[in-house]
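The values are calculated or read from the model by the stated rules, or taken from the named source; none is laboratory data. It should be emphasised that the depicted structure is a prediction, and the values quoted were computed from it without experimental measurement. No Cβ is skipped: glycine too gets one built from the backbone with ideal geometry, and neighbour counts run over all protein chains shown.
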Amino acid sequence: MSRQTEDESLLRTDPSRHPHDFTHTDTWRVLRIMGEFVEGFENMAGLGPAVSIFGSARIPPTSPIYLAASETARLLAQAGFTIITGGGPGLMEAANKGARAGGGRSVGCTIELPFEAGANPFLDLEVRFRYFFIRKIMFVKYAHAFVIFPGGFGTLDELFEALALIQTGKIHDFPIVLYGSEFWQGMIDWARHTLLATGTIAQADLDRLQVCDDPQQICDLIVQAHQHRQKGGDPWTR
C-alpha cells in the first residue's frame, strides 16, 4: 500500500473520528499549510520575469516534443526569463534542461506523490510542496506566461485553472501558449463548437489560447507581451 500524502490527509474525512479530534489534526495542519506558503514565497521571491512550462512526465528524451520543450525553454532563458516547471521527468526535465542551456535560472516546484520519480537533475532551485493547491499558486504567482506542452490531467488542470483565473479577473491576463497544433486541435474545436456555441464561454475566452508549433514563435510572443506589459499596456494583444 502506498503511503498517504498530505493532500489525501487533508481531504479525507473519517466518519469514525470523534468531532473533537479535529483540534488535534486538521487545525494543526493549517499551520503546516501556512508554513508551506511562507517557504514557497521566500524561495521564489526575486526570480524576475518567469515562464511556467507544463507538459507530460511520460514523454521520453527521444521524442521531438521533448526536444521542442527544451528548445523553447532555452530561447526563453536567453531572452531573460526564469523557467519554472514541476521539476519532474519528461517535458519538465526538457524545459529545465533547456533553461540551463540558455544560461537562465531553472526552477522546479516538486510535489509529494505516492509514486514519485524525484526531481530531475537540471534544477538550480527545487521548492518542494506537500499540497497541490499551494504549488499551483506558485506557478501562477511568479509567471509572466504559461507554455503548455502535450500532457495529461495535471497539465490540463494547470491550463484550465489559469484560464478560469483570467476569465474571472482574479489575475491579470498573460499569454497562454499551447505547443503542438495536432495535439490541441481537438480540444480547441470542442471549445469552439460546443462551449462557445452554447454560450458557456465568450469568444474572448477562446482567443486567450494561442497554438504554436515553433519554439522561436513562442518565445517571440512572450517577449512581445512582456515588453508591452512593461509599457503599461494590455499584456496580451494580438
#### Entry: Number of the exception - G199 against (1) within 15 Å of the chain's Cα centre (by Cα); (2) at positive phi
(1)
### Query
If you take the residues of the range 136-173 that are in contact (Cβ under 8 Å) with a residue 60 or more places away in the chain and of a type in the set (D, E, K, R), which of them is farthest from V38 (Cα to Cα)?
D173
### Query
Of all residues in the range 69-79, how many are touching a residue at least 40 places away in the same chain (Cβ under 8 Å) and within 17 Å of the chain's Cα centre (by Cα)?
3
### Task
Consider I218 carefully, then state whether it is within 19 Å of F183 (Cβ to Cβ) and touching a residue at least 60 places away in the same chain (Cβ under 8 Å).
yes
### Query
Among the residues of the range 128-143, is any of a type in the set (D, E, K, R), over 21 Å from D205 (Cα atoms) and part of a loop (DSSP other than H, G, I, E, B)?
yes
### Message
So, in the range 42-92, how many residues would count as being more than 13 Å from C219 (Cβ to Cβ), aliphatic (A, V, I, L, M) and crowded, with 24+ Cβ neighbours inside 10 Å?
### Response
3
#### Entry: Selected residue (criterion: surrounded by the fewest Cβ atoms within 10 Å (Cβ to Cβ)) from residues of the range 159-202 that are over 27 Å from F133 (Cα atoms) and β-branched (V, I, T)
T198
### Failed item, numbered, when G232 is tested on (1) at pLDDT 95 or above; (2) at positive phi
(1)
### Conditions (1) under 16 Å from the mean Cα position of the chain (by Cα); (2) surrounded by fewer than 21 Cβ atoms within 10 Å (Cβ to Cβ): number failed by G108
(2)
### Query
Which one of these is out of contact with any strand residue (DSSP E or B) (no Cβ under 6 Å at 6 or more places or on another chain), in a helix (DSSP H, G or I), closer than 15 Å to L76 by Cβ and not hydrophobic (A, V, I, L, M, F, W, C): D157, D220?
D220
### Query
Would the range 188-201 turn up any residue that is in contact (Cβ under 8 Å) with a residue 24 or more places away in the chain, among the hydroxyl-bearing types (S, T, Y) and part of a helix (DSSP H, G or I)?
no
